[in-house]
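Presented below is the structure to which this report refers.
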Amino acid sequence: MNLKLCFIVSLSLLLPCQALLPRENKALSDRITGYSFDVSLDTEAKTVSGKMDAYWVNNTADTVPEIRMHLYMNAFRSNRTTFYKESGGSPGRKESDPGWIEIKSFTGNGEKDLLPLMEYISPDDGNRYDKTVIRIKLPEAAMPGDTVAVAIDFVTKLPSAIRRTGFADDFYFVAQWFPKFGVYEPSRDGEKGRGSWNCHQFHANSEFYSNHSVYDVKISLPAEYVTGSGGKLISEKIDDGMKTQVFRAEDIVDFAWTAWPGYMVFKDKWNHVDITLLLPETRINQVERQFTAVKNALEYLDSHVGPYPWDYLTFVDPPMKGAGAGGMEYTTLFTSGSSDRMPEYVNVPEMVTVHEFGHAYFMGILASNEFEEPWLDEGVNSYWEGRIMDHYYGNGSGMIDHRFLGISDKAVARLSYVLSPVRQIITNREYAWNYPNDTYGMMTYFKAATSLHTLEGIIGQETMDNVFREYYREWAFRHPSASDFIDVVSEVVRNEHGEKFGSDMNWFFDQAFFGTGICDYRVTRIVNRKHYSYEGIAEDDDEESQNSDSLYTAIAMVDRLGEVMLPVEVLIHFTNGDEILEVWDGKDRYREFVYTGHRQIEWVKIDPGHKIAMDVNFVNNSLTEKPSRLAVRRLANKLLSFIQFTFSLLLF
Ligand SMILES: [Zn+2]
């Protein structure tokens, strides 16, 4: 999802806001699960109903006695669901028009009736009114290598107020709409029989976790509806006012689709990728912006991380009445977000498109567990969003690009973190739904992205790129955890820098991701102490004599105000124009740099290259020596500080 949209609005005040079996050949993933649907959309009843055939393969060494599935749509069933309670009352959701899913029949291998064996469970909070997870005790346990095939008749009623999924008049966004397998995880230490289902309830602050699957989806709906989906259109038939379409998608973690008679459809191509864009007629003037943005993201991630492996993608800019479906990702289908009047200098549609496309990599290909480690998709993806936006739309203007005002994408992420009053109460070890109020977005998106920009500053962009290339190479179409990612970082950094940063990078992640400390380095004071002559009389200290042979002890004093310790550079500038760049390990509370000679220090700047984005206060990173007598220079100093302050806010 995309949280930056809201932040930008409040920051800038600029917006008018607003075949079922796994295919053996060339499969990208293990295809442990697969789904096949034959469903129809009832535009009167606002339901999607029909049949689902699905399978799960026990590819572990465990004997598994049960299966678990998500029934996400039940989150919208009543005001007692966990989702509803956690969101403090889902905004705008009408009690009279809820969403739900009902299973009409449920059979397993060999036509066994599994319905009596199905029960609702609430593994996360014990809320008996939450019906978003079911457990089915299998008549016979699934042995290693067994396939459990299920056939389910179901009806899904879409909710009226769209929060990712639902309908608004004749607009439909159909997501989280079918019974979906959880992820069976064998024990990490290889202990036989100790695995378990990872199948969490639907929470307000969490997204999803799934195996890569094959989807064959047959949808019938009134012929006037224009559709888009995460699959490729295989066939289409129109008969008696009804349209039947068949889609196929391979190796994606979720399948969503949309239908609205008002969509305009546009096509473009980037290398091997056929791109389809659906948007309202009122936004035709944004088509070029949208295609440019998605092609920029494709090009950048393809060259810096790894290949985009599918040959198609579809993206949707929903109409205003369906804006709640905007800014969401389903790998080969994603939604952007815009409004009919979007000034050219506000790169919000581009930002949302770049962000949501990025999830094809971080969550789609690298299918991390969004319930448990949400920063691994949102934070990592926001980091890349910042790089892509600032690369293509200007280093200081990736987000707002006006001749009187430029704001970079990275700066917005950083400010969202450093200005947050709750930035020190939580760590990224929490599950998504355990984050205290108002900290989920700040931590998961913005602190994580800012920390990754800092990591890039420390190890260098080239090493950072190699980290992600290796992460992709090793973990694509699997389920990496945070510790898997950190291991890759450590390995690549060690290969490229030896022991320069220690034997591993845990010291960085422990502080930046799993600690609550802040990072703040400060220039405390500058001293230029003039040496006394042999007679004990001070040498001339008038202006004219300062460039003479007078001897000085020049001292730059810096200190660490926060708990976080990172290596920082300190630039010392002397009155004669000399500069020395010192490297400080940043560990002590206080450090002096002392120089004896004929030079005096004019100014000192910590982290002149803005590598440590996590530093919560850039203003105290520099200090200019206070001239003793001249009021004019004092004024100039203040002006300089003001300019530094302004630029420190805007230019990162
Ligand atoms: Zn996101």
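Considered as a group, the residues in the range 342-375 that are surrounded by fewer than 24 Cβ atoms within 10 Å (Cβ to Cβ) and of a type in the set (A, V, I, L, M) include one that is farthest from Ile486 (Cα to Cα), and that residue is Met342. Filter the range 381-406 down to residues that are among the aliphatic types (A, V, I, L, M) and buried (at least 24 other Cβ atoms within 10 Å of the Cβ) and give me whichever is farthest from the ligand (Cβ to nearest atom). So the residue we want is Ile400. Which one is modelled with the lowest pLDDT, of the residues in the range 549-597 that are surrounded by fewer than 16 Cβ atoms within 10 Å (Cβ to Cβ) and farther than 30 Å from Ile518 by Cβ? Across the range 549-597, the extreme among qualifying residues is Asp549. Can we say Asp409 is within 14 Å of the chain's Cα centre (by Cα), under 20 Å from Phe618 (Cα atoms) and within 14 Å of the ligand (Cβ to nearest atom)? Judged against the criteria, Asp409 is a match. Being modelled with pLDDT of 95 or more and part of a loop (DSSP other than H, G, I, E, B), is that true of even one residue in the range 378-396? No, the conditions are met nowhere in the range 378-396.
Filter the range 203-224 for residues that are touching a strand residue (DSSP E or B) at 6+ places or on another chain (Cβ under 7 Å) and buried (at least 20 other Cβ atoms within 10 Å of the Cβ) and give the result. Selection gives Tyr209, Ser210, Asn211, His212, Ser213, Val214, Tyr215, Asp216, Val217, Ile219, Leu221. For the range 129-168, filtered to residues that are within 24 Å of Asn79 (Cβ to Cβ) and among the charged types (D, E, K, R), the residue that is surrounded by the fewest Cβ atoms within 10 Å (Cβ to Cβ) is Arg164. Flag: Met328 matches the condition of being among the aliphatic types (A, V, I, L, M) and within 12 Å of the ligand (Cβ to nearest atom). Filter the range 437-478 down to the residues that are at pLDDT 90 or above, part of a loop (DSSP other than H, G, I, E, B) and at negative phi and list them by number. Correct list: Thr439, Ala476. Restricting attention to the range 289-310, does a residue exist that is within 16 Å of the ligand (Cβ to nearest atom) and of a type in the set (D, E, K, R)? No, the range 289-310 contains no residue that is within 16 Å of the ligand (Cβ to nearest atom) and of a type in the set (D, E, K, R). For Thr314, state whether it is among the hydroxyl-bearing types (Ser, Thr, Tyr), modelled with pLDDT of 95 or more and within 16 Å of the ligand (Cβ to nearest atom). The answer is no for Thr314.
Against the condition at pLDDT below 95 and under 30 Å from the mean Cα position of the chain (by Cα), how does Lys112 come out, does it pass? No, not satisfied. Between Val226, Val246, the distinction of being closer than 23 Å to Lys321 by Cα and of a type in the set (Val, Ile, Thr) belongs to Val226 only. Considering only the range 188-210, I want to know if a residue exists there that is within 30 Å of Leu233 (Cβ to Cβ) and not in a loop (DSSP other than H, G, I, E, B). No: the range 188-210 contains no residue that is within 30 Å of Leu233 (Cβ to Cβ) and not in a loop (DSSP other than H, G, I, E, B). Please tell me if Asp125 is closer than 18 Å to Ser78 by Cβ and either modelled with pLDDT of 95 or more or not hydroxyl-bearing (Ser, Thr, Tyr) (or both). Criteria met by Asp125.
Based on this model, can you work out whether Ser339 counts as part of a loop (DSSP other than H, G, I, E, B) and either buried (at least 24 other Cβ atoms within 10 Å of the Cβ) or within 15 Å of the ligand (Cβ to nearest atom) (or both)? So Ser339 fails the test. Among all positions in the range 451-468, there is at least one residue which is within 16 Å of the ligand (Cβ to nearest atom) and either of a type outside the set (Phe, Trp, Tyr) or crowded, with 18+ Cβ neighbours inside 10 Å (or both). Take the conditions away from the ligand (no atom under 16 Å from the Cβ), modelled with pLDDT under 95, under 30 Å from Pro186 (Cα atoms) and not hydrophobic (A, V, I, L, M, F, W, C) and apply them to Glu66. Does it pass? Judged against the criteria, Glu66 is not a match.
Would you check which residues across the range 361-377 are away from the ligand (no atom under 11 Å from the Cβ) and in a loop (DSSP other than H, G, I, E, B) and list them? Matches in the range 361-377: Tyr361, Gly364, Ile365, Ala367, Ser368, Asn369, Phe371, Glu372, Glu373.
What about Leu333, is it more than 12 Å from the ligand (Cβ to nearest atom) and modelled with pLDDT of 95 or more? Yes, satisfied. Among the residues of the range 430-446, those identified as within 16 Å of the ligand (Cβ to nearest atom) and either among the aromatic types (Phe, Trp, Tyr) or out of contact with any Lys or Arg (no Cβ under 7 Å at 6 or more places or on another chain) (or both) are Ala432, Tyr435, Tyr440, Gly441, Met443, Thr444, Tyr445, Phe446.
Name the residues in the range 342-360 that are small (Gly, Ala, Ser) and away from the ligand (no atom under 13 Å from the Cβ), would you? Hits for the range 342-360: nothing passes.
The values are calculated or read from the model by the stated rules, or taken from the named source; none is laboratory data. Since this is a predicted model, take the numbers as computed values, not measurements. Quick reminder, even Gly has a Cβ in these numbers, built from the backbone with ideal geometry, and neighbours come from all protein chains shown.
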